[in-house]
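Asker: Sharing a structure here in structure tokens format.
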Amino acid sequence: MEVIRLEGVHKTYSDNGVPVHALRGIDLRIEKGAFVVIAGPSGSGKTTLLNVMGALDAPTQGRVFLESEDISLKSKDAIAAIRLEKLGFVFQAYNLIPVLTAMENVEFTMMLMGIDQQKRRERAMEVLGELDIEELANKRPNEMSGGQQQRVAVARAIVTNPSIILADEPTANLDSETGANLLDLMQRMNREHGLTFIFSSHDQQVIERARRLILLRDGMIEKDEILEP
Amino acid sequence: MLLTIAWRNIWRNRRRSLIIMTSIVVGVAFAMLTDGLSIGMVQQMLDNQIGSHISHIQIHAKGFNDNQVIQNAIPDRQLVERALGETKGVQTWSRRVITFGLLSSALNSSGGLIVGVEPERESAVTSIAASVVEGSYLSGKPNEVVIGRRMAEKLGIGLGDKVVGMASALGGDVGSDLFRVVGMYQTVSSEFDKKHMFTSLSGMQDMLEMEQRVLEYAVIVDNIEDVDRIAKELRTTLGDGYEVLSYRDLMPMLVYMVDMYGQMMLVLYVVIGLAMIFGIINTMLMSVFERIQEFGVLMAIGMKNSAVFRMVMAEALLLSAMGTAAGMLAGVAGVLALGAVGIDLSLFAEGLNSFGVGAVIYPQLTASSILSVVVIIPLTALLGALYPALKATRLQPVTAIRYV
Ligand SMILES: Nc1ncnc2c1ncn2[C@@H]1O[C@H](COP(=O)(O)OP(=O)(O)O)[C@@H](O)[C@H]1O
Ligand SMILES: [Mg+2]
């Protein structure tokens with residue numbers, strides 16, 4: 001089943017009046033339960049593509065369908081609601097709200113969804129347990145290592161059972177062992193819960209785990225292959 | 001949870017928050033003290049006027065206030081006294097004869113108002129008896145006079161000295177009598193003291209050949225809030241031949257001043273609030289700019305603009321609410337403490353006395369001051385946070401997250 005589809009997506013930025021073509025005609029379909037890595041050299045448009053898929057950035061041209069719904073036509077608040085309910089994000093850094101504990105960070109999106117405190121707590125604790133980071137529950141981000149923060153970020157991203165989890169170079173700031181652990185975690189969530197993950201990375205150890213690898217170059221898909229591990 | 005976040009964000013930059021809160025505390029406390037002092041001062045003026053002579057309500061014959069002559073005497077004493085007895089809320093009252101006259105000693109003479117009173121009744125209505133600084137108050141015997149110390153100085157007389165009082169009698173002749181000074185009084189108003197002398201009602205009635213007639217009833221009510229109602233009731237009961245005026249009607253300038261001070265203080269609070277707005281704008285802008293990436297993440301994970309807006313506003317509201325609360329605590333404590341002991345302004349007493357204010361001012365706390373503070377200061381803080389909060393909602397998640 002398809003979760004997201006891009007049709008003829010272009011994204012052109014203006015860099016002080018000079019047009020920068022970050023994406024030039026992307027056509028793409030991703031199935032539910034996929035574990036996709038978008039690779040490519042720096043500046044090839046990976047982040048831009050992820051942002052367009054995550055409804056964080058609107059395409060200059062083309063359309064994006066999330067679960068068959070055209071999201072390019074929605075209002076700002078509707079798009080925020082879509083991000084809240086259907087998408088999970090893991091950024092490269094600065095993922096967590098510094099004044100909240102790990103537990104509260106994980107609860108936050110559920111709070112925005114209006115889920116009551118008791119349920120939030122239970123669910124957050126469940127996910128922290130599943131990711132084996134219960135001991136971080138009451139710690140604030142500045143009391144955690146980078147790897148721990150990224151794990152909490154993963155917990156926050158998956159806690160609402162989103163249709164897609166988008167992770168833009170999630171391991172870029174981690175050493176390779178910590179990065180590998182984080183990937184293990186996401187791989188397990190993909191396998192056990194059928195959660196759809198889409199990464200961008202130029203990190204070889206991320207690319208190795210891809211079940212589908214999309215290679216970007218100059219804003220275009222150069223190669224798109226299914227790799228069965 | 002938004003409140004929790006707002007609360008913790010305040011303590012993230014402890015120093016900056018404390019600085020803005022301190023400025024609110026100082027502003028609020030200062031405004032409340034100024035307010036308390038001003039209101040205390042004008043209220044004291046009003047209270048002094050009421051207490052030394054005016055009383056709460058005065059009853060006269062119709063036309064007396066336009067033409068204050070003894071011919072305009074109360075038409076029917078029984079009617080008035082019955083009405084006073086039957087009207088709820090009337091505490092006490094006194095009968096008066098009051099006329100312009102001349103007091104002469106061997107050396108000098110001085111014009112003023114000669115007031116004939118019944119000592120016992122009058123001391124329940126006004127505080128002149130308590131203001132006697134030398135000698136004693138009237139005992140009820142005829143031919144005693146109590147004068148202001150200022151007047152005694154002017155006339156060059158002391159206790160026990162004799163003075164001649166003169167005033168035009170009912171028939172049109174000049175009535176005169178010999179009085180002995182039994183007491184000298186001093187109120188906080190030197191103007192009042194220069195003008196008023198007190199003697200017995202019956203003596204005055206004799207001197208002015210007006211038999212049992214009186215010119216004025218001075219009334220004290222139980223609760224000053226009811227003064228308008230009681231005056232209205234008396235007006236209805238007494239009908240056309242009488243003028244019933246409350247202290248508000250009798251001292252419109254002073255009453256107006258009290259009201260005006262209340263409004264001026266409102267302006268003071270607004271000015272202080274506006275002065276603080278810039279601090280709030282600055283603090284909140286810094287707070288937003290420091291957290292651009294954080295806002296980016298919050299918006300990216302699905303926080304709506306309205307929630308972002310509320311979060312910033314909540315922060316400003318908490319800051320100002322804490323500052324206001326602490327400032328009010330300090331202000332109320334200050335006003336209450338100073339209200340108990342009073343602020344001694346003896347240095348300026350000369351000047352104050354001519355305004356009818358004592359040397360010691362007792363600051364007062366009014367409900368409207370507290371209300372003004374509670375409403376105006378947090379409201380202006382919210383006003384100041386408006387711009388930073390809007391600024392936060394204008395952020396685009398993608399650029400905000402990338403912002404370094
Ligand atoms: N906000 C922006 N304004 C102007 N140019 C941009 C902006 N964001 C990205 N770009 C440009 O778009 C291209 C693709 O960027 P990006 O998607 O970040 O690539 P990647 O993530 O693969 O490094 C780059 O040339 C980059 O400089
Ligand atoms: Mg990138």
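Asker: Based on this model, can you work out whether residue A:65 counts as within 7 Å of chain B (Cβ to nearest Cβ), surrounded by 16 or more Cβ atoms within 10 Å (Cβ to Cβ), in contact with a strand residue (DSSP E or B) (Cβ under 8 Å, 6 or more places away or on another chain) and not aliphatic (A, V, I, L, M)?
Answerer: When the stated conditions are applied, residue A:65 does not pass them.
Asker: Against the condition in a helix (DSSP H, G or I), within 14 Å of chain A (Cβ to nearest Cβ) and out of contact with any Leu (no Cβ under 7 Å at 6 or more places or on another chain), how does residue B:16 come out, does it pass?
Answerer: Taking the combined requirement at face value, the residue does not satisfy it.
Asker: Next question. Does the stretch A:28-53 hold any residues that are assigned to a loop (DSSP other than H, G, I, E, B) and either more than 9 Å from ligand 2 (Cβ to nearest atom) or open to solvent by less than 20 Å² (accessible area, probe 1.4 Å) (or both), and which are they?
Answerer: Listed by number, the residues that qualify are A:32, A:33, A:34, A:40, A:41, A:44, A:45.
Asker: Determine whether residue B:295 is within 14 Å of chain A (Cβ to nearest Cβ) and either among the polar types (S, T, N, Q) or buried (at least 23 other Cβ atoms within 10 Å of the Cβ) (or both).
Answerer: The answer is yes for residue B:295.
Asker: Kindly indicate whether any position in the stretch B:278-290 is over 13 Å from residue B:17 (Cα atoms), touching a Lys or Arg at 6+ places or on another chain (Cβ under 9 Å) and within 14 Å of another protein chain (Cβ to nearest Cβ).
Answerer: yes
Asker: Identify all residues within the stretch A:191-209 that are among the aliphatic types (A, V, I, L, M) and more than 16 Å from ligand 1 (Cβ to nearest atom); write none if there are none.
Answerer: Residue satisfying the conditions is A:195 alone.
Asker: Still on this structure, please answer the following. Give the residues of the stretch A:80-92 that are out of contact with any Ser or Thr (no Cβ under 8 Å at 6 or more places or on another chain) and either surrounded by 22 or more Cβ atoms within 10 Å (Cβ to Cβ) or more than 14 Å from every other protein chain (Cβ to nearest Cβ) (or both), sorted by residue number.
Answerer: The answer is A:80, A:83, A:89, A:90, A:91.
Asker: Here is a follow-up. In the stretch B:177-218, what count of residues is obtained for those that are acidic (Asp, Glu), in contact with a helix residue (DSSP H, G or I) (Cβ under 9 Å, 6 or more places away or on another chain) and either surrounded by 22 or more Cβ atoms within 10 Å (Cβ to Cβ) or not in a strand (DSSP E or B) (or both)?
Answerer: 3
Yes/no matrix, rows are residues, columns are (1) within 16 Å of ligand 2 (Cβ to nearest atom); (2) within 13 Å of another protein chain (Cβ to nearest Cβ); (3) part of a loop (DSSP other than H, G, I, E, B); (4) buried (at least 24 other Cβ atoms within 10 Å of the Cβ):
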residue	(1), (2), (3), (4)
A:135	no, no, no, no
A:149	no, yes, no, no
A:153	no, yes, no, yes
A:170	yes, no, yes, yes
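Asker: With respect to the numbered conditions (1) within 14 Å of chain B (Cβ to nearest Cβ); (2) modelled with pLDDT of 95 or more, which one is the sole condition not fulfilled by residue A:8?
Answerer: Status for residue A:8: all satisfied but (1).
Asker: Just wondering, is there one or more residues in the stretch A:57-70 that are under 18 Å from residue B:299 (Cβ atoms) and within 12 Å of ligand 1 (Cβ to nearest atom)?
Answerer: Checked against the condition, which is being under 18 Å from residue B:299 (Cβ atoms) and within 12 Å of ligand 1 (Cβ to nearest atom), the stretch A:57-70 yields at least one hit.
Asker: Taking residue B:296 as the residue in question, decide whether it is assigned to a loop (DSSP other than H, G, I, E, B) and touching a helix residue (DSSP H, G or I) at 6+ places or on another chain (Cβ under 9 Å).
Answerer: No, not satisfied.
Asker: Could you check how many residues of the stretch B:298-316 are surrounded by fewer than 19 Cβ atoms within 10 Å (Cβ to Cβ) and farther than 15 Å from residue A:78 by Cα?
Answerer: 2
Asker: Any residue at all in the stretch A:11-31 that is out of contact with any Leu (no Cβ under 8 Å at 6 or more places or on another chain), farther than 23 Å from residue A:212 by Cα, within 12 Å of chain B (Cβ to nearest Cβ) and small (Gly, Ala, Ser)?
Answerer: no
Asker: Can you find a residue that is more than 15 Å from residue B:184 (Cβ to Cβ), modelled with pLDDT of 90 or more and among the small types (Gly, Ala, Ser) anywhere in the stretch B:146-158?
Answerer: No, the stretch B:146-158 contains no residue that is more than 15 Å from residue B:184 (Cβ to Cβ), modelled with pLDDT of 90 or more and among the small types (Gly, Ala, Ser).
Asker: Would you say residue B:24 is of a type outside the set (Gly, Ala, Ser), farther than 19 Å from residue B:259 by Cβ and within 14 Å of chain A (Cβ to nearest Cβ)?
Answerer: Spelling it out, it is not the case that residue B:24 is of a type outside the set (Gly, Ala, Ser), farther than 19 Å from residue B:259 by Cβ and within 14 Å of chain A (Cβ to nearest Cβ).
Asker: Of everything in the stretch B:266-284 that's among the small types (Gly, Ala, Ser) and crowded, with 18+ Cβ neighbours inside 10 Å, which residue is nearest to residue B:309 (Cα to Cα)?
Answerer: Out of the qualifying residues, it is B:279.
Asker: Assess whether residue A:13 counts as being away from ligand 1 (no atom under 15 Å from the Cβ) and open to solvent by 30 Å² or more (accessible area, probe 1.4 Å).
Answerer: Here the answer is no, as residue A:13 does not meet what is asked.
Asker: Please enumerate the residues belonging to the stretch B:392-404 that are buried (at least 16 other Cβ atoms within 10 Å of the Cβ) and in a helix (DSSP H, G or I).
Answerer: Selection gives B:392, B:393, B:397, B:398, B:400, B:401.
Asker: Filter the strands (runs of 3 or more DSSP E) completely within the stretch B:84-139 down to those with at least 3 residues that are open to solvent by less than 50 Å² (accessible area, probe 1.4 Å).
Answerer: B:90-104, B:109-117
Residues checked against (1) at pLDDT 95 or above; (2) touching an Asp or Glu at 6+ places or on another chain (Cβ under 9 Å):
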{"residue": "A:162", "(1), (2)": "yes, yes"}
{"residue": "A:168", "(1), (2)": "no, no"}
{"residue": "A:171", "(1), (2)": "no, yes"}
{"residue": "A:176", "(1), (2)": "no, yes"}
{"residue": "A:179", "(1), (2)": "no, yes"}
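The values are calculated or read from the model by the stated rules, or taken from the named source; none is laboratory data. In this text the structure is predicted, and so the values were computed from the model without any measurement. Don't worry about glycine lacking a Cβ; one is built from the backbone with ideal geometry, like all the others, and counts go over all protein chains shown. SASA here: full protein model, heavy atoms, side chains in, ligands and nucleic acids out. Shrake-Rupley method; radii C 1.70, N 1.55, O 1.52, S 1.80 Å.
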